[in-house]
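Notes for the one structure printed next.
Bear in mind that the values in this text are calculations on the coordinates, not laboratory data. Computed from a predicted structure; not experimentally measured. Ideal geometry is used to build each Cβ from the backbone, glycine not excepted, and the neighbour counts take in all protein chains shown.
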Amino acid sequence: MLGLKASKVLFILLILISCNKEDENGYRVYTIDRGNHYSDGPIDKLFGNDNKATSWEWEVIFEPSCIYSESDLFNLSNYLDVNKLIGFSDCDRHHSQYSCRVGWRASGDSIELLIYKRDDNNIGFKSLKKVYPEQIINVTLDFKDTTYISCIDGICDTLDRPCPDWSGRKYSLFPFFGGQETAPHKMKIRIK
């Protein structure tokens, strides 16, 4: 009979094996359910990308479910809030203090992508490009000494990086809806 520790390890392994949510093209499918902020990919925070790297590349596809309008939200002023697509914590701090990500928000029938950072709880972002649902988008994110660089299909911009000498392990950040609002309906994003 298995001991308690061995049973726990086996249980965790079974969960990890059963949580494989890749589609037929190798994209990991992230779902943000109605009324939630977080996508269903928390395991990736621990077992995701190379978290000591300084440069990452992804392919992303937003499904049509990621489009929403002002009338879908409780407070119309939240329509311009930036949702988070993908990125990393930084500076050996919690991501709500220091992080850099690619952000997104609906814009009519398209999706606006932005470079987004938190610097000692202050938020900064710049618009990069508008894309459309079902479009394959090439996303890069680089942490240089004093600069964050994000590119969407070769269109790039930068934000200042506050901790140029820090190079430790970062943790992965995956799709999140909000700002202050939760997702008005189920949304799916594919990433590889």
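In terms of the mean number of neighbouring beta-carbon atoms within 10 Å, the peptides 143-153, 120-130 order highest first as 143-153, 120-130.
In terms of the mean number of neighbouring beta-carbon atoms within 10 Å, the peptides 104-111, 70-77 order highest first as 104-111, 70-77. For every other residue with a beta carbon closer than 12 angstrom to the beta carbon of R190, add +1 if it is Lys or Arg and -1 if Asp or Glu, then tell me the sum. Residues near R190 contribute -2 overall.
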